[in-house]
1. Collect the residues in segment 192-234 that are more than 21 Å from N585 (Cβ to Cβ), among the aromatic types (F, W, Y) and more than 10 Å from the chain's Cα centre (by Cα), keeping them in residue-number order.
2. Write out, first by first residue and then by second, each pair whose Cβ atoms fall under 8 Å of each other, whose residues are 6+ apart or on separate chains, and whose first residue, in segment 361-378, is touching a residue at least 60 places away in the same chain (Cβ under 8 Å) and closer than 18 Å to L278 by Cα while the second is buried (at least 16 other Cβ atoms within 10 Å of the Cβ) and among the hydrophobic types (A, V, I, L, M, F, W, C).
3. Tell me, yes or no, whether segment 751-763 has at least one residue that is closer than 19 Å to D851 by Cβ, under 34 Å from the mean Cα position of the chain (by Cα), of a type in the set (F, W, Y) and not in a loop (DSSP other than H, G, I, E, B).
4. Might you check whether a residue that is modelled with pLDDT under 90 and either within 18 Å of F110 (Cα to Cα) or in the same structural domain as I218 (by TED's automatic domain parsing) (or both) occurs anywhere in segment 47-55?
5. Could you tell me whether A894 is hydrophobic (A, V, I, L, M, F, W, C), in the same structural domain as G170 (by TED's automatic domain parsing) and touching a His at 6+ places or on another chain (Cβ under 9 Å)?
6. Collect the residues in segment 801-850 that are in a strand (DSSP E or B), within 22 Å of L152 (Cα to Cα) and of a type outside the set (A, V, I, L, M, F, W, C), keeping them in residue-number order.
7. Counting just the residues of segment 780-808 that are of a type in the set (D, E, K, R) and within 18 Å of F769 (Cα to Cα), which one comes out farthest from the chain's Cα centre (by Cα)?
Amino acid sequence: MSKNHSARLSPRHTALALALGLAATGSAFAQSNASGVVFGRVSADQGTVVHLQNVDTGLARDITVDADGRYRASSLPVGRYSVSVKRDGATVATRENVNVQVGSGTDVSFLTEAATAANAATLEGIQVTGTALPSIDVSSVDSRTVLTAEQLQKLPIARDVTSAALLAPGAIGGDARYGNVASFGGASAAENQYYVNGYAVTNALTGLGLISLPYDAIDQQQIFTGGYGAEYGRSTGGVVNMITKRGGNTWKAGGQVIYTPEALRDDPRNLYLRNGQLYQDRHKNKSWSTEYSAYISGPLIKDKLFFYATGDFIRTEGFTRGSTAAATDTDYTTKTNRYLAKIDWNISDNHLLELTGFSDKTTDESRISGYSYATGNRGAYRGSLYTKNYGTAGATPGGDVYIGKYTGYLTDNLTINALYGHTKTQHTQTVNSVGGECPLITGNFNENGTTVFPPNCYLQGQLLAPGAQDKTHGWRFDIEYRLGDHDLRAGVDNQTLESFSGNSYEGPDSGRPNGGAYYWSYGNTPASGTITGYPDVFFEPGTSRYVQRVYFYAASNVKTVQEAQFIEDRWQVNDRWLAYIGLRNEQFKNLNGGGDVYVKQRHQLAPRLGLTWDVFGDSSLKIYGNAGRYHLAIPSNVAVRAASGSYFLRQFGTFDSIDPVTGMPIGFVPNGSEYASNGADGTSPDPRTIAAKGMDAYYQDEYILGFDKQLGNDWVVGAKATLRKLKSSIDDFCDSRPFENWGERNGVDMSNANISGCYLFNPGKSNTFQVDMDGNGTFRDVTLTKDDFTNDGIGFPDLKRKYYALNLYAEKQFNEKWYAKFDYVFSRSYGNSEGMLKSDIGQRDPSVTQDWDAPEIMVGANGPLPNDRTHQLKAYGFYQMTPEWLFSANLSVASGRPVNCIGLAPGDPIQYGASYFYCDGKLSPRGSRGRLPWTQQLNVGTEWRPAFADHKLGFNVDIFNVFSQQRETSVIEVGENAAGVPVATYKRANSYTQPRYFRFSVRYDL
């Protein structure tokens, strides 16, 4: 409630006093990814000092108003503040409950008509206390959504970072084969960055997903969908920035229990082939879960030292029946434990220290039995699979995180921030088969007119390499200085990512130095007794069958060093115009398993420009625009196989019999030598032969133009147009013909040149490679032009990924009764490259997809990309009907994903089988096979906080997908087999929207 007190006011002055309020000026400020800013103007008759005090911690700052009547308090911890203007030590005016949001500016101005009316008399003795603040941040040029802890608690969404991020306009769920990840602005799901309290916690190996934190620990979650400043980099998708809660001067504690019952889950849809044949019976594939969470916070020393701790403990049990291709029954138990603790030390009002530690650990134990679709009976128990900190496509890496941050307000105009962070994650995957140590068994052979399929008892086949882990360390340092109308900021942002990762196979130890197991592949010997490509292999006449012993081990220590420097200026051109000028300089360095640098990119300059116009000078209408360049490093996973020593060894031989349980050959006798496929004999490739020389970094240009308009006191409406263009990509090509073409064009003999199997390069442009011309280390530069990449008239197209969007929105600010936001986005994402991933086939190799392997595979590749959703509508909010009852809803509607038909090109020109944009022998361009159906999902919730418990006890019921519309969200897009014959699995669903389920919770806050 606002209160007004006045003394000795003439009627004329009373009118001026009534006009006293918040007049916005768009004052400049330096933003931070872990704090916020309060800024504004003060009339000369109001005062010369602005006093800010954190309501919860007592942190206080006094800022002197400059000669132009402006002030700025930067790098403030997020939270609630009281802001006062003082004159001669006396408080003249106060604004209570000023909410400081992460990375945002809050305009708190104290102006009277005397500030603009030359004939106005000086006011005296006026004190005004109020809470009304402008809803539009006229000092920002970016595109962001900020969700508070209150909104995250009240809205009916799943309790995870991705589900919250998907509330942002233009955000969509990534392909289900990549786990619970999001795509922003048409980019692939591996192009995002995630931060907690200012430190990056993105998956260190692949860029897919993040190390998560307890859901209730999130105080504010900020989602950037474009236009972010020079402080941010290493993202061409979106930036998700989370600030955790902290302790205050009041002790608080609470807890909750959340239960999601299996009995109230609808049956998932079964999967069928195109001919109507059942592929997977899923009606029993359900689970139940319980979650226990608790928190405690308070002062260890009042106004000085504060503590906050919380924990989530989630247990899920469920059942999965496999498909007819892998008929098993699996009972699984998943346990997720997340903890967080935070210490805040206000050493003084000018020196702050924050220490954060949190842990994210998930284990999954699957108990696997056989199943017969023919009889409908469960078969014998086969064993168990244990996984820790991995999840689908590794998108839930887990781990331990430690962050320390110092903020120093050295003067009113000079602030420094320093941050250090460290993460470590360990990944485990083990099997325990009832058959003992069981290797992967593949193939079959004909004997006496019968096809023999050897038995097997393996559970997983390929496993994570033992000892797999990720770790990162990094630091940031920046200085903010205000010089007249310029808010200057410069900083350094460094992070090193290290991983030991790779794969080996299940089974008995091979006895080789690196460990790992053999797998065995059976077949019939050719009538000639010889095997193409294996010159010393010869089977004696009468030998009808063989077995191939395969040793595959690809694991190594890999490293990526990311360094950046940035500088930015927020220039207050005048009271209504603000210009943002920023420059970020990125350096990326990728190292292989031997510690050698194989890609080094320096001086990757990323300019950022923005302009905002406070049209009427009162924060009621803002017009803004920005343009920027954004870079992305090559993910570390590339080096595991492409840049490090790996083994892929094949040994043919004969056998006497087959073990009836494991399927291993008995009496194996080698025939011929052991051969290394693709040269993978454990030798690390020369780092000069891995990537193009002087390769450009992966980068994208972006342009945004928009406006925000305040309607009345509660509503803000706006529109924003976005254009994104991917200007440079990095992928690999695996084709020796361009080198032969270059040799022919330049009259150079390439017959003795040692050409690597695949090279990293910049698609769609000329690239220079270092080639060993004689196999003895005689290197020379070879520059391949687009003509060199062309064969039989087919060459690489120019790289193309374009995204344009129009976002219309309306937001109703919470007025003690209800809050709502509506977003509509019309967008197109089209081109010939999704980016880091290839969702068409769910390929999980960021930056080394099969795209660009050869020109023929790119024929027909231009069209709507997998993350294209032409129409999206999102609406969410809540209604506080009474102090006891609250109702909430979340609606998401989107048009469907484009569908391809991938098959065999005539003649299979690069021997890739069904990998081209061809079907039925005809060109089938990207997206030409229609679209998946629209998806509509409505979630609703209700909360009851009874008065008898002083509204501290809450009972919640949430219903997800109320109408249980299970629509396809991805399908199999390979329409033919390697022989060009149509397959029944084409357009079989990969994933559906989740069926209806209920969530119940009880919460108590002391």
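1. Once the filter is applied, which keeps residues that are more than 21 Å from N585 (Cβ to Cβ), among the aromatic types (F, W, Y) and more than 10 Å from the chain's Cα centre (by Cα), segment 192-234 yields only Y215.
2. Partner pairs satisfying both residue conditions: Y373/A327.
3. Just the residues of segment 751-763 that are closer than 19 Å to D851 by Cβ, to begin with: 756-763.
Now restrict to residues that are under 34 Å from the mean Cα position of the chain (by Cα): 756-763.
Those still in the list that are of a type in the set (F, W, Y) too: 759, 761.
Next, from what is left, pick out any that are not in a loop (DSSP other than H, G, I, E, B): 759, 761.
Yes, segment 751-763 contains a residue that is closer than 19 Å to D851 by Cβ, under 34 Å from the mean Cα position of the chain (by Cα), of a type in the set (F, W, Y) and not in a loop (DSSP other than H, G, I, E, B).
4. Yes, segment 47-55 contains a residue that is modelled with pLDDT under 90 and either within 18 Å of F110 (Cα to Cα) or in the same structural domain as I218 (by TED's automatic domain parsing) (or both).
5. Judged against the criteria, A894 is a match.
6. The answer is Y809, E811, K812, Y819, K821, D823, Y824.
7. Filtering segment 780-808 for residues that are of a type in the set (D, E, K, R) and within 18 Å of F769 (Cα to Cα), the one farthest from the chain's Cα centre (by Cα) comes out as R780.
Conditions tested, residue by residue: (1) touching a strand residue (DSSP E or B) at 6+ places or on another chain (Cβ under 7 Å); (2) surrounded by 21 or more Cβ atoms within 10 Å (Cβ to Cβ).
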| position | (1), (2) |
| --- | --- |
| A719 | yes, no |
| L726 | yes, yes |
| R737 | yes, no |
| G747 | no, no |
| R780 | yes, no |
| I794 | no, no |
| A820 | yes, no |
| F826 | yes, no |
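The values are calculated or read from the model by the stated rules, or taken from the named source; none is laboratory data. These numbers were taken from a predicted model, which means no experiment stands behind them. All Cβ positions, even for glycine, are placed from backbone atoms using ideal geometry, and neighbour counts span all protein chains on display.
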